[in-house]
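S.K.: Once you've had a glance at the structure underneath, I'll fire off some questions.
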Amino acid sequence: MAKYLLKRIFYLFLTLFLIASITFFLMKLMPGTPLNNQAKLSPQQIKIIYEHYGLNKPVWQQYISYIVDAAHGNFGLSYQFSDQPVSYLISSRIGPSLQLGAQAIIVGVFFGIIVGSLSAIRKNTWIDGASTFISILGISIPSFVLAILLQYYLGLKLQWFPIADWGGFSYTVLPTLALAASPFAETSRFVRTEMVDVLGSDYIELAKAKGLSRTGIVWHHALRNSLIPLVTVIGPLAAAIMTGSMVVENIFSVPGIGEQFVKSILVNDYPTIMGVTMLYSALLCAILLLTDIVYGIIDPRIRISGNEG
Amino acid sequence: MENADENILEVKNLTIDFHTYAGTVKAIRDVSFHLKKGETLAIVGESGSGKTVTTKTIMGLLANNAEVVEGTVKYHGKNVLEMSEKELENMRGKDIAEIFQDPMTSLDPTMRIGRQIAEPLQIHKGYSREKANKQALEMLKLVGITNAEERINDYPHQFSGGMRQRIVIAIALVCYPEILIADEPTTALDVTIQAQILDLMKELQEKISTSIIFITHDLGVVAGMADRVAVMYAGKIVEYGTVDEIFYNPQHPYTWGLLNSMPTLDTRKGKLESIPGTPPDLLDPPTGDPFAARNPYAMKIDEQKEPPFFKVSDTHYAATWLLHPDAPHVDPPDAIKHRQEVYAERLKKGTINLGHIHSTGKTSFGADNDDAIGE
Amino acid sequence: MEEKMNLAPDAFEPVSKKDELDDEKIVAPSRTFVQDAWRRLKQNKASFIALWILAIIFVVAFTSPITASHPNESNPNYANLPPKIPGVNINGLNGTSVVAGKRVDAYKQNHVPSKVHYTLGTDYLGRSLAQRILRGTLVSLLIGLFATLIDLIVGVGYGIVSAWKGGITDIVMQRIIEVISSVPNIVIMVLFMLVLKGGMLPIILAIAFNGWTTMARLTRAQTLQLKSQEYVLAARTLGESTFKIAIKHLLPNLSSVIIIQTMFTIPSAIFFEAFLSYIGIGIQAPTASLGTLISDGQKNFQFLPYQMWYPAIVLSVIMIAFNILADGLRDAFDPRTARR
């Protein structure tokens, strides 16, 4: 197990290194520079600015210093907000994003499990039909459309929650709902499929033959067996939430990473883009590793044999 | 208990349809049999002949698309088919238990085996977890798991197939059920393990005096296990009798075919016989004897009318027109003839102690008596 | 009982056994795999309706260059006109809108000639929303389809090669996929779009680049399974070339996995197009796509909700229909789930 873990962590850093390198060279290919909109500057000024951002050195030197800095969590200075370190930009904005993301995952997965299991237990009834339809809606309606609708109807019209901005918990409700739709739908579909599979398995038949009641079967056997594999989709769900956060944070004016990312894209703020890219990748890698470990712990089949994973 | 001769389980005229998208599958047609205390009844047939559906009916575990068209399944006189879900739950695992074909998939992979064995005790006897675990341990020892104390907290995947089937047996027998249904319990196992499991079942049957319904497609397994045998074909029972009667004095051509396709020590030809053709489509069963198309002895009547049961002995009935008094005498395959000769010899010597026998060919007509499996 | 047994005199004559019985006779009517899947799909009403809805959307979208020939023709005098269908007097479809709490006829206010009407209204530049939605749908569908096509070719090829070669090739190829999938896909697409700048082709490439890994994984898993099957082994033993085996044996057996995955990829590609266009780095003005239309419409949502509602509804209907169809296809192609 320890060996496996070490190997995985090594691969994690290798992956991050590769991503850092690729993004660096991609950015070098980009047409834009911090001076994009300031073509009228004198050569002298340009030279000063280049020195300021370290762009005057040969590319390989820039690369090495970038990688070394990145390893220390330093992604240089933002072009957009002059002289603000990217790491400061990110760290001051990560709180709201993490909170929204965590809330959305918890809400989405929790209700997804409930709806998905109900759907499987009452397979081919109207309950199943209704929850399948809701899940399809959740997967099909883009987060930005949902966010706008929520903002307009629950925020503006009904005034249940603040329309935008960031303050107390009530400010998080609408963005959380908008973000939770996709994990909810994915979870409920996944749980339904798993549970239908499990309910048709031999060991459930044996549990029936033992004389367990319907609820006993679901509670003692079906639920655990269908929820364990759910851990494996947490990673993809997190990635989906990162995607969603870019527009949802924008729509609700949440001062988070996603909103920052979109702003940076629109103004070619490459250091920030690279910084956020690295942050997102590191987060996703960490989540994937973590879910693998958790999966190994809660599934007895993997726990004991310990190999692969 | 009370009367040793009492039928603890009586299945009468059971007819079950399955409604599928392709149409109605007539899975079980007019099946009747009974089970006495402590005996082992083997139900033999090809896959798809309705063996498993029969057992599912007894357990009250039929699929949603199944419809019981006719018939009763009486356990101690109470019709299982009319029981409430609650009553069924009380019966399952306590009075009638079942073990399945594939031990690799019939245990919950995420639950410790001790808990799985203890579960029925907690449900049916209201034992505390501790008490149930203790008894589970006893049961685990009884089914021959070595180091039971250590292994009781292991998970299913840590056991081999044979060991898992022992665990499944432990689960089934932990409440000392009156009837154990074993649905092809050895099919998925290696041959050497098969024998061990069969021995274990016989041993336990004596220890806890349970009756067994043994479902199999393998006649070879039946010989050592069963007291009586029912042969099923295309959703019907075609012949039933004591194990000696079925093995040494078979009357139905299908039974002949089954016995003939069984490898024996004196299979010298180097080639196993097989029954030509395939079982009929139960979506649209043929009129007459469903076996007619594959029956080398088929007569015109076979294609027109389903044969009723003809009595061979008090315990032995077969549904084939060959037993009709007007039917011509046919020569069974050599191997079967040989078997019948052995049977006649043993009859003379008196090593067969079951019922008096009518001479072959001259059989009386199957009037229903207490023992009869319907017609 | 004896009476019942009134048997014909020839009843006990043996039946002459005709031909040899076929031991492998299959009693159920034989259907090819595709026929069987099609039949099951037709039974799934929701999927079948979804299929028809998509067919209609496709026909309407692909004829739009003829039916909606001037999507970019702006007419500042007619800006922000609400939908108006002559003869229909339902608020929202009769050319009226609420201004300062009062419902007024926007067409009259703007002095629009009485024979001019816009079925779905106009946008802030006075362009016909109906025409723009039609053309936007076409753009979105095209991007979705081409991105998926590239996904399909790259992903399936990659998956087969990886599984077939095995060994170190497989390990390296899988590591590459692992690295790519450790980056959130939206980030990959954004980086791509930054390098390539806006336009249809870059969007297609960006979406395809992020989607093919799933297809490659599925194909690889399936190929690995098939590789060990006897008939593939037999073909290899008989000396068939790898390429021929791939075409003759692998592809047909991979088809169900591929078709199902394709059906899930198309809506996700359409979604990502809308997403990129929505945040402003996708399709560039004045070309319309469903994403840009929603983005434009959102600005006026409070006052002219139809400007976002219509493209949003079209986008959602396409996504829902594709997802339902994909679900149905998965059930139809997977006999394991179909019997349930």
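S.K.: State whether chain B is rounded, prolate or oblate according to the following rule on the C-alpha gyration tensor (a ≥ b ≥ c being the square roots of its eigenvalues): a/c under 1.5 gives rounded; otherwise a/b larger than b/c gives prolate, and the remaining case gives oblate.
M.R.: Values: a/c = 1.85, a/b = 1.60, b/c = 1.16.
Note, shape of chain B comes out prolate.
S.K.: Most mobile of C:V59, C:V156, C:V314 per a Gaussian network model of chain C (Cα springs, under 10 Å)?
M.R.: Taking springs between Cα atoms under 10 Å, the residue moving most is C:V59.
S.K.: Still on this structure, I have one more. Pop the C-beta distance of A:S253 and B:N79 into the FRET formula with R0 = 51 Å and round what comes out to the nearest 0.05.
M.R.: Working: r = 69 Å, r/R0 = 1.36.
Calculated value: 0.15.
S.K.: Another question about this same structure. With the cut-off at 27 Å, tell me which of the pairs A:K3/A:K28; A:K123/B:K236; B:K236/B:K311; A:K263/C:K102; B:K94/B:K202; C:K165/C:K197 have Cα atoms farther apart than that. The partial results should precede the final answer.
M.R.: Working: A:K3/A:K28 38 Å; A:K123/B:K236 32 Å; B:K236/B:K311 17 Å; A:K263/C:K102 38 Å; B:K94/B:K202 19 Å; C:K165/C:K197 37 Å.
Correct reply: A:K3/A:K28; A:K123/B:K236; A:K263/C:K102; C:K165/C:K197.
S.K.: Now, a different point. I want to verify the translational diffusion coefficient of the protein assembly as shown in µm²/s; compute it with Stokes-Einstein, Rh as the Kirkwood radius over Cα pairs, at 4 °C and 1.567 mPa s. Display every interim value, and only then the final one.
M.R.: Details: Rh = 34.0 Å.
Translational diffusion coefficient: 38 µm²/s.
S.K.: Going 7 Å from the Cα of A:F13 toward and past its Cβ, which residues in segment A:45-88 have a backbone nitrogen under 18 Å from where you end up?
M.R.: Residues passing the 18 Å test: A:64-74.
S.K.: OK, next. Starting from segment C:270-340, pick out the chymotrypsin sites (Phe, Trp or Tyr not before Pro) whose DSSP state is loop and whose Cβ has at most 12 other Cβ atoms within 10 Å.
M.R.: Working: sites: C:F271, C:F272, C:F275, C:Y278, C:F301, C:F303, C:Y306, C:W309, C:F322, C:F333; in loops: C:F301, C:F303.
Filter output for segment C:270-340: C:F303.
S.K.: Right, another one. What nm distance separates the two modelled labels at A:Y4 and B:E150, each placed 7 Å from Cα along Cα→Cβ?
M.R.: If labels sit at A:Y4 and B:E150, their model points lie 2.2 nm apart.
S.K.: As a test of the definition: with a 1.4 Å probe, what buried accessible area, both sides summed, do you compute for C against A, in Å² to the nearest 100? Can you show the working numbers first?
M.R.: Values: alone 19970 and 17240 Å², together 33430 Å².
Buried: approximately 3800 Å² between A and C.
S.K.: Only helical DSSP H runs with n ≥ 4 go in: add -39500 (n - 2.57) per run for chain C, normalise by residue count and round the 222 nm mean residue ellipticity to 500 deg cm²/dmol.
M.R.: Working: 14 runs with 212 residues, N = 340.
Calculated from helices alone, the mean residue ellipticity at 222 nm is -20500 deg cm²/dmol.
S.K.: I've got another one for you. Could you tell me the calculated FRET efficiency between C:A285 and A:N74, based on Cβ-Cβ distance and R0 = 41 angstrom, to the nearest 0.05? Don't jump to the answer; show the numbers that get you there.
M.R.: Working: r = 38 Å, r/R0 = 0.92.
That pair, C:A285 with A:N74, gives E of 0.60.
S.K.: Sticking with this one: Applying 1/(1 + (r/R0)^6) with R0 = 45 Å to the Cβ-Cβ distance of C:N91 and A:S213, what FRET efficiency is obtained, to the nearest 0.05?
M.R.: Working: r = 55 Å, r/R0 = 1.21.
Given R0 = 45 Å and the Cβ-Cβ separation, E is 0.25.
S.K.: Under unit Cβ charges (Lys, Arg +1; Asp, Glu -1), what dipole magnitude, rounded to 20 debye, does chain A have relative to its Cα centre? Don't jump to the answer; show the numbers that get you there.
M.R.: Numbers: 20 positive and 16 negative charges, 77 e Å.
In total the dipole reaches around 360 debye.
S.K.: Ok, one more. Against the longest principal axis of chain B, how steep is helix B:129-142, in degrees 0 to 90 to the nearest 10, with axes from Cα atoms?
M.R.: 50
S.K.: Rounded, prolate or oblate: pick one for chain A, where a ≥ b ≥ c are the square roots of the eigenvalues of its C-alpha gyration tensor, a/c under 1.5 means rounded, and failing that, prolate if a/b is larger than b/c, else oblate.
M.R.: Working: a/c = 3.40, a/b = 1.68, b/c = 2.03.
Oblate, since a/c reaches 1.5 and b/c is not below a/b.
S.K.: Which helices pass in chain C if a helix is a full DSSP H run, must span at least 30 angstrom along its long axis by Cα, and must have mean Kyte-Doolittle hydropathy not below 0.0?
M.R.: Numbers: long enough: C:129-165 (52 Å, 1.37); C:200-227 (38 Å, 0.61); C:251-279 (40 Å, 1.37); C:306-333 (40 Å, 1.06).
For chain C, where a helix must reach 30 Å along its axis and average at least 0.0, the hits are C:129-165, C:200-227, C:251-279, C:306-333.
S.K.: Can I ask one more? Run the dipole for chain B about the Cα centre, Lys and Arg Cβ at +1, Asp and Glu Cβ at -1, nothing else charged, and hand back the magnitude in debye, nearest 20. Write down the numbers at each step before the final one.
M.R.: On the way: 39 positive and 54 negative charges, 148 e Å.
I would put it at about 720 debye.
S.K.: Can you give me the accessible area per residue for chain C, using a 1.4 Å probe, in Å²? Don't jump to the answer; show the numbers that get you there.
M.R.: Values: 17040 Å² over 340 residues.
Using a 1.4 Å probe on heavy atoms only, each residue of chain C averages 50 Å².
S.K.: Note down the nm distance, to one decimal, between modelled labels 7 Å out along Cα→Cβ at B:E39 and at C:S228.
M.R.: Label-label distance for B:E39 and C:S228, simple model: 4.7 nm.
S.K.: Specify whether the C-alpha gyration tensor of chain C places it in the rounded, prolate or oblate class, a ≥ b ≥ c being the square roots of the eigenvalues: rounded for a/c under 1.5, otherwise prolate if a/b is larger than b/c and oblate if not. Walk me through the numbers before you get to the answer.
M.R.: Details: a/c = 3.73, a/b = 1.62, b/c = 2.31.
Oblate, because a/c is 1.5 or more while a/b does not exceed b/c.
S.K.: Just report the Cα centroid separation between segment B:193-258 and segment B:93-147, whole Å.
M.R.: Going from one Cα centre to the other spans 26 Å.
S.K.: Using 7 Å Cα-to-Cβ label points, what is the C:V116/B:V69 separation (nm, one decimal)?
M.R.: Label-label distance for C:V116 and B:V69, simple model: 7.4 nm.
S.K.: Moving on to the next point. Among B:N79, C:S74, A:F110, which residue has its Cα furthest toward the positive end of the charge dipole of the protein assembly as shown, with +1 on Lys/Arg Cβ and -1 on Asp/Glu Cβ?
M.R.: C:S74
S.K.: Also: As a check on your grasp of the helix formula, calculate [θ] at 222 nm for chain B: sum -39500 (n - 2.57) over DSSP H runs of n ≥ 4, divide by the residue count, round to the nearest 500. The partial results should precede the final answer.
M.R.: Numbers: 11 runs with 114 residues, N = 375.
Rounded to the nearest 500, it is -9000 deg cm²/dmol.
S.K.: With springs only between Cα atoms under 10 Å apart, run a GNM on chain C and tell me which of C:S277, C:S256, C:S181 wobbles the most.
M.R.: Evaluated over chain C, the most mobile residue of the options is C:S181.
S.K.: Right, something else. Specify the residue with the greatest mean-square fluctuation among C:Y310, C:Y78, C:Y231, computed from a Gaussian network of chain C linking alpha-carbon atoms under 10 Å apart.
M.R.: So, out of C:Y310, C:Y78, C:Y231, the one fluctuating most is C:Y231.
S.K.: Now for a different question. Less than 17 Å apart at the alpha-carbon level, and either on another chain or at least 8 residues along: which lysines does that give for B:K134?
M.R.: Partners within reach: B:K125.
S.K.: In the protein assembly as shown, with Lys and Arg counted as +1 and Asp and Glu as -1 at Cβ, which of these residues, C:G239, C:V161, B:M111, has the Cα nearest the positive end of the dipole, that is, farthest along it?
M.R.: So the residue furthest toward the plus end is C:V161.
S.K.: Something else: So which lysines can B:K348 reach, going by Cα to Cα under 19 Å and dropping same-chain residues fewer than 8 places off?
M.R.: The qualifying lysines are B:K337, B:K362.
S.K.: For segment B:171-294, what is the accessible area per residue in Å² when the probe is 1.4 Å?
M.R.: On the way: 4410 Å² over 124 residues.
For segment B:171-294, the solvent-accessible area averages 36 Å² per residue.
S.K.: While we're here: In nm, what is the difference between 0.36 nm times the number of residues separating B:E6 and B:H329 and their Cα-Cα distance? Mind showing how you got there, number by number?
M.R.: Values: separation 323, 0.36 × 323 = 116.28 nm, distance 3.77 nm.
Roughly 112.5 nm would be gained on extension.
S.K.: Could you point to the residue in A:S119, A:Y153, A:A240 farthest towards the positive end of segment A:88-302's charge dipole, with +1 and -1 charges on the Cβ of Lys/Arg and Asp/Glu respectively?
M.R.: A:S119
S.K.: To continue, here is another question. Roughly how far apart, in whole Å, are the Cα centres of segment C:215-258 and segment A:154-231?
M.R.: Centre-to-centre (Cα) distance: 37 Å.
S.K.: In Å² (nearest 100), what accessible area is buried between A and B, both sides summed, heavy protein atoms only, 1.4 Å probe?
M.R.: Details: alone 17240 and 17570 Å², together 32690 Å².
Buried area between the two chains comes out at roughly 2100 Å².
The values are calculated or read from the model by the stated rules, or taken from the named source; none is laboratory data. Computed from a predicted model, the values in this text were never measured in an experiment. Don't worry about glycine lacking a Cβ; one is built from the backbone with ideal geometry, like all the others, and counts go over all protein chains shown. Accessible surface areas use protein heavy atoms only, side chains included; no ligands, DNA or RNA. Shrake-Rupley method; radii C 1.70, N 1.55, O 1.52, S 1.80 Å.
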